[in-house]
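S.K.: Let me give you the structure first, and then I'll get to my questions.
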């Protein structure tokens, strides 16, 4: 039995009310740890409106709702936390904005050094990737499963595997010690639908 859990990332574009129904069915299909709202090339008001619709769907099911890139909006909207990349706010800035009790996760690409720095600073998790080619965003780095194995042996801070993860390729990451699998198109574009994908991921991690 692995302790690995599913970490969902929203599609890069969505219509919030229609997506809320899809999301609810996906979250009801199995265990999901958190949902990250990641919208690209939209206004702050669009992000606010989308969060106001989707956050209650996640939180009513005990799924943490995280904002991508924007600790200021995470704080303003009372999200459960924020995920920051290396080009976004620093960990210290993000922590200051969201406060001590919310989640701050940090993208560390394939870098042991960045991950150790983030963990020592107090990050709630570090994210490694991309492990596989991804259609969601241009991956700057490729990470190997060995990185997860090393981290799991060395550190107590949880690690998230991200990048092109599907039901078909995820087993190697679970075996290597990932605490969370961050998945976007591998769930939303699954041929049998998102709920079937969540079920399949849960079976794989169980």
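S.K.: Every residue in region 6-18 that is in contact with a helix residue (DSSP H, G or I) (Cβ under 7 Å, 6 or more places away or on another chain) and either part of a helix (DSSP H, G or I) or closer than 16 Å to residue 199 by Cβ (or both), please.
M.R.: 6, 8, 16, 17
S.K.: Any residue that is surrounded by fewer than 19 Cβ atoms within 10 Å (Cβ to Cβ), over 25 Å from residue 158 (Cβ atoms) and touching a helix residue (DSSP H, G or I) at 6+ places or on another chain (Cβ under 9 Å) - is there at least one of those in region 29-37?
M.R.: no
S.K.: Conditions first: (1) at pLDDT 95 or above; (2) in contact with a strand residue (DSSP E or B) (Cβ under 9 Å, 6 or more places away or on another chain). Residue 52 passes all but one, so which condition is the exception?
M.R.: (2)
S.K.: Kindly indicate whether residue 99 is within 16 Å of residue 32 (Cβ to Cβ) and over 15 Å from the mean Cα position of the chain (by Cα).
M.R.: Spelling it out, it is not the case that residue 99 is within 16 Å of residue 32 (Cβ to Cβ) and over 15 Å from the mean Cα position of the chain (by Cα).
S.K.: I'm trying to understand the selection: among the residues of region 48-68, which are in a helix (DSSP H, G or I) and either in contact with a helix residue (DSSP H, G or I) (Cβ under 6 Å, 6 or more places away or on another chain) or touching a residue at least 40 places away in the same chain (Cβ under 8 Å) (or both)?
M.R.: Result: 50, 53, 54, 57.
S.K.: To continue, here is another question. Suppose we filter region 169-193 for residues that are farther than 19 Å from residue 110 by Cβ and not in a loop (DSSP other than H, G, I, E, B); how many remain?
M.R.: 5
S.K.: Given the structure, is residue 107 surrounded by 15 or more Cβ atoms within 10 Å (Cβ to Cβ), modelled with pLDDT under 95 and at negative phi?
M.R.: In short, no.
S.K.: Here is a follow-up. Among the residues of region 118-169, how many are free of Cβ contacts under 8 Å to residues at least 24 places away in the same chain and either buried (at least 22 other Cβ atoms within 10 Å of the Cβ) or in contact with a strand residue (DSSP E or B) (Cβ under 7 Å, 6 or more places away or on another chain) (or both)?
M.R.: Here the count works out to 0.
S.K.: Checking residue 192 against (1) surrounded by fewer than 22 Cβ atoms within 10 Å (Cβ to Cβ); (2) in contact with a helix residue (DSSP H, G or I) (Cβ under 6 Å, 6 or more places away or on another chain): exactly one of these is not met. Which one?
M.R.: Of the numbered conditions (1) surrounded by fewer than 22 Cβ atoms within 10 Å (Cβ to Cβ); (2) in contact with a helix residue (DSSP H, G or I) (Cβ under 6 Å, 6 or more places away or on another chain), the odd one out for residue 192 is (2).
S.K.: Given the conditions (1) touching a residue at least 24 places away in the same chain (Cβ under 8 Å); (2) loosely packed, with under 15 Cβ neighbours inside 10 Å, which single one is not true for residue 74?
M.R.: For residue 74, the failing item is (2).
S.K.: Scan region 170-189 residue by residue and report those that are crowded, with 18+ Cβ neighbours inside 10 Å and farther than 12 Å from residue 9 by Cβ.
M.R.: Those that are crowded, with 18+ Cβ neighbours inside 10 Å and farther than 12 Å from residue 9 by Cβ: 170, 173, 174, 176, 177, 178, 179.
The values are calculated or read from the model by the stated rules, or taken from the named source; none is laboratory data. Predicted, not measured: the structure shown is a model, and the values here were computed from it. Here Cβ is always computed from backbone atoms with ideal geometry, including for glycine, and neighbour counts include all displayed protein chains.
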